[in-house]
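Working notes, beginning with the structure itself.
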Amino acid sequence: MDGAVFRDRTLLKGTEMSALQHMGKEVRSTVRRLFARRESLSWPKRYGASMVFVGISLALKLLLDPVLQRESPFLIFFTAIVLSALVGGLRGGLVAVLLSVIAADFFFLPPYSSLWIEDPSQLLRLGIFAAEGALICAIVEGMYSAGRQAESASAGQTENQEALRFLADSSEALSSSL
């Protein structure tokens, strides 16, 4: 009976790993498609996407603010920053950081409905948030660049393999004709 239980657990783990591998492939495929589309977007569309992502985050934060009054005013904006950096690149992400800082200061930091900063600790919090957002943008841009380099290296490797096959086939043909 212990062998059957062990075998069942092993099969279950194999199924879980297969499902995780499949999910990983789908995520990679989605990210590739997103990066491929990024190249075709004009700068106004990239910046517009940043504004939309920040606007959605702001709307969600305003809806959830009565429930999450004591929570960080910045947390929900990180999603907008990541998505903006994915779609709009480094500049699009930095636009999202700027818009998020302005929105958080205006709506969620006292004095409310004002960009004035009374407390120096609020300025420090905004600065740390802006630095974290810029770092996220740089990391996403670095991932994008690494992905593009890997794609071009893979394409170059495929071309090299085809050239080697051609040379091997040619040398076989020459040696058989002699």
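The values are calculated or read from the model by the stated rules, or taken from the named source; none is laboratory data. No experiment lies behind these values; they were computed from the predicted model shown. With ideal geometry, Cβ positions are generated from the backbone for all residues, glycine too; neighbour counts draw on all protein chains shown.
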Next on the checklist: Of everything in region 125-144, what is over 12 Å from the mean Cα position of the chain (by Cα) and of a type outside the set (Asp, Glu)? Give them in sequence order.
Outcome noted: 125, 126, 127, 128, 129, 130, 131, 133, 134, 135
Checklist entry - Which one of 123, 75, 115 is assigned to a helix (DSSP H, G or I), surrounded by fewer than 16 Cβ atoms within 10 Å (Cβ to Cβ), at pLDDT below 95 and among the hydrophobic types (A, V, I, L, M, F, W, C)? => result 123
Checklist entry - Is it fair to say residue 131 is assigned to a helix (DSSP H, G or I) and touching a helix residue (DSSP H, G or I) at 6+ places or on another chain (Cβ under 7 Å)? => result no
Next on the checklist: Step by step: first the residues of region 52-72, then only those that are in contact (Cβ under 8 Å) with a residue 24 or more places away in the chain and part of a helix (DSSP H, G or I), then the one that is surrounded by the most Cβ atoms within 10 Å (Cβ to Cβ). Which residue is that?
Outcome noted: 53
Checklist entry - Hey, any hits in region 159-166 for a residue that's at pLDDT 90 or above and either within 21 Å of residue 54 (Cα to Cα) or part of a helix (DSSP H, G or I) (or both)? => result no
